[in-house]
1. Residue by residue through region 190-246, note down the ones that are more than 35 Å from the chain's Cα centre (by Cα), surrounded by 15 or more Cβ atoms within 10 Å (Cβ to Cβ) and of a type in the set (A, V, I, L, M, F, W, C).
2. For region 482-496, give me each residue that is exposed (fewer than 15 other Cβ atoms within 10 Å of the Cβ) and touching a strand residue (DSSP E or B) at 6+ places or on another chain (Cβ under 9 Å).
3. Looking at Val158, Val182, which one is closer than 12 Å to Phe254 by Cα and of a type in the set (Val, Ile, Thr)?
4. Can you tell me how many residues in region 360-383 are crowded, with 17+ Cβ neighbours inside 10 Å and small (Gly, Ala, Ser)?
5. Do you know which residues across region 469-519 are over 24 Å from Val437 (Cβ atoms) and not in a helix (DSSP H, G or I)?
6. What is the residue count in region 273-296 for residues that are within 23 Å of Asp134 (Cα to Cα) and surrounded by fewer than 17 Cβ atoms within 10 Å (Cβ to Cβ)?
7. Could you list, in sequence order, all residues of region 501-511 that are within 13 Å of Leu430 (Cβ to Cβ) and in contact with a helix residue (DSSP H, G or I) (Cβ under 7 Å, 6 or more places away or on another chain)?
8. Identify, from the list Val190, Val182, Val84, the residue that is within 16 Å of the ligand (Cβ to nearest atom) and in contact with a strand residue (DSSP E or B) (Cβ under 7 Å, 6 or more places away or on another chain).
Amino acid sequence: MANTSIAQEVGKRRTFAIISHPDAGKTTITEKVLLFGHLLQKAGTVKGKKSGQFATSDWMQMEKERGISVTTSVMQFPYNDCLVNLLDTPGHADFSEDTYRTLTAVDSCLMVIDGAKGVEERTIKLMEVARLRDTPILTFMNKMDRDIRDPVDLLDEVESVLNIACAPISWPIGSGKEFKGVYHILRDEVILYKSGLGHTIQDVNIIKGINNPELDKRIGSFAAQLREEMELVKGASHEFDQELFLKGELTPVFFGTALGNFGVDHMLDGLVEWAPVPQPRATENGIVAADNPNFSGFVFKIQANMDPKHRDRVAFFRIVSGKYEKGMKVRHVRTGKDILISQALTFVAGDREHLDEAFPGDIIGIHNHGTIKIGDTFSQGDSIQFTGIPNFAPELFRRIRLRDPLKQKQLLKGLVQLSEEGAVQVFRPLDTNDLIVGAVGVLQFDVVVSRLKFEYNVDAIYENINVATARWVYSNDGKALDEFTNKASQNLALDGGDNLTYIAPTMVNLNLAMERYPKIKFHKTREH
Ligand code: G4P
């Protein structure tokens, strides 16, 4: 049975994350978004993390830095009549599987593209992940105050490389030093740009109507050029269609400059108007709607050692249905135990706070000492298990070696626990005693070595190993699987949860194995 007050809260919420390649402007746009959300008085105060900052692997130092990133890892703010949750996606050296999994906890994504560079490699990967659930995507073409590529080319590239139709909502007028502003196609108005005001919310300077002679007075020959371009653009591009957007097949595109804080508000207006409210989620036995009165949700990220003195962990939990109330009792489905959530963290005003209630689409942080795993469901009522919070095949691999061989058992225990937190994945080859760790971001290897030392008292180092990729293997045909396991054992390993995994030295090797064993399925993701 639906609950009206929960339904009202659901209607207000928009939960999204930003996908982008490093340096495209994610931190800058986050800052401007928070400015519009009145979480920041003045831009220039969000601490961004630059690559290289963690060049030396000093875990305690990283922890201090992480203290900062945690408070900004979920931000809730009001915009127009909505409440927006922005989930941070670690992007530079701290890029990890958490980045991918965060995308399973949102209802829409903002893709930020550097207008001078176009579609870059990390964006392609992140889009692939967003596509697993057909997440609706908004696009912001950034850095119009620089010399950018032809906007038509940029849209073409998004369409062909990312395979999503583009519907420009705004269109840039000039670029670089000659950036004059944007034409908002749907509103039929030109918004003029003034440089040097990026740290504030600017008074908008609007000219109504593309044929308004005032436009020619203000921007000279750019006005005629704009009219000409719009003829072409309207003929050649897609019109915005909310249904296609919600299916993840079409993206509304906004142009602007995050640094100049220009165009970010157009994107936010689009987000609250068109992006989906908290969506229903699949469980093993059916769908749970957001306005279901029973509280439920899942863990998509675990942050360890937020406070080195306490050694506690915070599980980041996405509420799917019902209402969180302080002190409520919920079932931890995997363990079958009922637990009391008395001190959940809620993320409001950019800070960690203890709040009394939270609703679907919101993220709460649950303290624990290692009892919660990624993918865990908590629910009130039925013992349901949410699906769609997978492990992702690692892209980087190292062999872990002990300095003290007697610590093999602790090493394995540590690695399995760290893999349950999602820090890295561990693989034990069937034929050797090696321990291989896999990650999607290179910093994770340093994190693991220093956490092994501080938390498990294990002195280990990592070294290169000739592994290109991994796939989880399955088959409905037991005989085929046995034969495969025998013949390919030198390439097989068990992961932290004892699942059979194919470890490929090269992509060519993987492709050959897939051809050779057609009855075996090779999966890039694995459900918990
Ligand atoms: P990221 O989080 O996606 O990695 O990108 P970030 O926002 O840190 O931006 C990367 C660089 O691009 C920064 O410059 C930032 O100032 C700049 N930038 C972001 N948006 C715009 C824009 O609209 N126009 C222009 N011209 N530059 C933009 P940096 O030199 O690396 O850092 P900083 O020293 O300026 O902070």
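The values are calculated or read from the model by the stated rules, or taken from the named source; none is laboratory data. Everything numeric in this text was worked out from a predicted model, so none of it was measured. Neighbour counts run over all protein chains shown; Cβ positions are idealised from the backbone, glycine included.
1. Passing the criteria: Ile207, Ile210, Leu215, Ile219, Phe222, Ala223, Leu226.
2. In the first step, residues of region 482-496 are kept if they are exposed (fewer than 15 other Cβ atoms within 10 Å of the Cβ); the result is 482, 486-487, 489-490, 494.
Those that are exposed (fewer than 15 other Cβ atoms within 10 Å of the Cβ) and touching a strand residue (DSSP E or B) at 6+ places or on another chain (Cβ under 9 Å): Ser489, Gln490, Leu494.
3. Going through Val158, Val182 in turn, the sole match is Val182.
4. 4
5. Ser475, Asn476, Asp477, Tyr517, Pro518, Lys519
6. Total meeting the criteria: 8.
7. The answer is Tyr502, Ile503.
8. Selected residue: Val182, the only one of Val190, Val182, Val84 that is within 16 Å of the ligand (Cβ to nearest atom) and in contact with a strand residue (DSSP E or B) (Cβ under 7 Å, 6 or more places away or on another chain).
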